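Presented below is the structure to which this report refers.
The values are calculated or read from the model by the stated rules, or taken from the named source; none is laboratory data. All values reported here derive from a predicted model rather than from experimental measurement. Note: ideal-geometry Cβ built from the backbone for every residue, glycine included; neighbour counts use all protein chains shown.
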Amino acid sequence: MNTYRAGLVGCGRIGTLWETDPPTPLTHAGGVAVCAQTELVAGASRGNEHLQVFGRMWDVDALYLDYRQMLEKEKLDIVCVATHPGLHRDIVEVAVENGAKGILCEKPLALSLEDGDAIVAACRRTGCVLSVNHSRRWNPAFIKAKEMLDEGAIGELISMLGICQGVKPFPAWTADEEGPLIHDAVHTFDLFRIYAGDAKSVVGTAHRRHRDEFRVEDISDAIFNFHSGVSAVSMANELTRYARFGLELQGTDGVISLEYAGNQWLLGVDTTDRLNEPDSRIEWYTLEPQPFPAVEEASSIQLSVEELVRCIEDGGEPSSNGEDGVASLEMVMAIYESQRQGNRPVELPLVDRSSQLYMLRDEGHF
């Protein structure tokens, strides 16, 4: 069994600090540390305090304040990128130049489609496997929902509702570019693509209603149409005092609802009660709760690292590849573009591969 040398760039929240129970990893460092075929040997971070915490947590001595030095000296097989997304392109390009075989990159892949495209191209050119941490791709409940949908459990998929509220940790969060769309709703949009395929168009809003601390939106609502004929509504904001992330799949015969508070599915059941319709030809079905199938508890980050190793050894694509990372980011940028155009429908793919967020700023929206 081969063992792969792995290093982390970015020793912050998702890189290592979020880890509270190492046997059930939550972070990039935790996922690498528990994988039987990976050895966590080095870390890099711009801040020495976080870097030292990382070293103590995982018993790593090779600590760098400059990721370039780490990538040049340590000859890493796998590089985990858990920094601010604006840095991802440079880190990935240096990593592949220094022989990285696999990269696990935090979402969003970049802050512009141009950078996202360049990241994908660099990895494709060198044969480096690129996996983007859309974590729900490895979540057993979301995988089970896809199986149920494919098996016809709720009939034909008609529409989806994604809710992403209060999940950016205000007031401690300081990143200027990462509003609720880029920071968390990319997960919503990636899930939309899992169940409905590629987006065709979007009508969206991106407003800053209250919080002047950020030069980004604090609320966004959008309606997507997909090439498959499915439609979807997303609601994302940082205005709630509670955190909520959920997805509802609405089919012709039932509903699957996935949320941290508890997953469930509802099946349309024919009853003798026609909701008091006097005409017997009018048929209505009521939705009755069904127990959601039992799924095993699992660490998504651990599964992503293990999958990355398999892809390095055997070929194949990870569950969330670079193109998936670009696609979810493009859905965000399309919402920004719709806002720029006075909330008009915007077709995908976008021709302009720069950052529509920065365009909004330059035009005085934020």
Only listed residue being assigned by TED's automatic domain parsing to the domain that holds H183, at negative phi and at pLDDT 90 or above, chosen from R310, R244, R274: R244
Qualifying residue in segment 304-318 (condition: under 27 Å from E114 (Cα atoms) and touching a Lys or Arg at 6+ places or on another chain (Cβ under 6 Å)): yes
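Out of V129, V120, V94, I need the residue that is under 30 Å from E297 (Cβ atoms) and not hydroxyl-bearing (S, T, Y). Which one? I'd like the intermediate steps shown before the answer.
Working: V120 fails: under 30 Å from E297 (Cβ atoms); V94 fails: under 30 Å from E297 (Cβ atoms).
After ruling out the rest, the residue left standing is V129.
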Residues satisfying the stated conditions in segment 61-91, i.e. touching a helix residue (DSSP H, G or I) at 6+ places or on another chain (Cβ under 7 Å) and without any contact (Cβ under 8 Å) to a residue 60 or more places away in the chain: D61, A62, L63, Y64, L65, Y67, R68, H88, R89
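Would you check if G364 is closer than 23 Å to R5 by Cβ and either surrounded by 14 or more Cβ atoms within 10 Å (Cβ to Cβ) or among the small types (G, A, S) (or both)?
Details: closer than 23 Å to R5 by Cβ: no; either surrounded by 14 or more Cβ atoms within 10 Å (Cβ to Cβ) or among the small types (G, A, S) (or both): yes.
No.
Sort out for me the helices (runs of 4 or more DSSP H) sitting completely within segment 1-120 that have 3 or more residues that are more than 23 Å from N139 (Cα to Cα) and within 24 Å of the chain's Cα centre (by Cα).
Numbers: elements: 28-34, 48-58, 67-74, 88-97.
Here the list reads 88-97.
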In segment 1-43, the residues that are β-branched (V, I, T) and surrounded by fewer than 24 Cβ atoms within 10 Å (Cβ to Cβ): T3, I14, T20, T24, V34, T38, V41
Where P169 falls short, out of the listed (1) at pLDDT below 95; (2) surrounded by 15 or more Cβ atoms within 10 Å (Cβ to Cβ); (3) outside any helix (DSSP H, G or I): (2)
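Kindly provide the set of residues from segment 92-107 that are of a type outside the set (A, V, I, L, M) and free of Cβ contacts under 8 Å to residues at least 60 places away in the same chain, ordered by number.
If we filter segment 92-107 for residues that are of a type outside the set (A, V, I, L, M), which is where we start, we get 93, 97-99, 101-102, 105-107.
Within segment 92-107, E93, E97, N98, G99 meet the criteria.
Kindly provide the set of residues from segment 69-96 that are among the acidic types (D, E) and closer than 22 Å to E39 by Cβ, ordered by number. Can you show your working first?
Step one: list which residues in segment 69-96 are among the acidic types (D, E), which gives 72, 74, 77, 90, 93.
Within segment 69-96, E72, E74, D77 qualify.
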Cβ-Cβ under 9 Å pairs, at least 6 apart or on other chains, segment 207-236 side assigned by TED's automatic domain parsing to the domain that holds S338 and farther than 21 Å from L247 by Cβ, far side part of a loop (DSSP other than H, G, I, E, B) and of a type in the set (A, V, I, L, M): R208/V216; R209/L239; H210/L239; R211/L239; F214/A175; V216/A175; V216/A206; D218/L239
Segment 183-206: number of residues that are part of a helix (DSSP H, G or I) and either buried (at least 21 other Cβ atoms within 10 Å of the Cβ) or not assigned by TED's automatic domain parsing to the domain that holds K144 (or both): 11
Residues being crowded, with 21+ Cβ neighbours inside 10 Å and in a helix (DSSP H, G or I) - total across segment 123-135: 1
Residue in segment 207-214 that is outside any loop (DSSP other than H, G, I, E, B) and closer than 22 Å to I143 by Cβ present: no
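Hey, does segment 325-338 have a residue that's over 24 Å from the mean Cα position of the chain (by Cα), among the charged types (D, E, K, R) and on the phi < 0 side of the Ramachandran plot?
As a first pass, look at segment 325-338 and keep what is over 24 Å from the mean Cα position of the chain (by Cα): none.
No, segment 325-338 has no match at all.
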Residue among G55, G99, G47 that alone is modelled with pLDDT under 95 and over 28 Å from T188 (Cα atoms): G47
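If you take the residues in segment 215-227 that are in contact with an Asp or Glu (Cβ under 8 Å, 6 or more places away or on another chain) and part of a loop (DSSP other than H, G, I, E, B), which one is surrounded by the fewest Cβ atoms within 10 Å (Cβ to Cβ)?
Going through the qualifying residues, I end up with H227.
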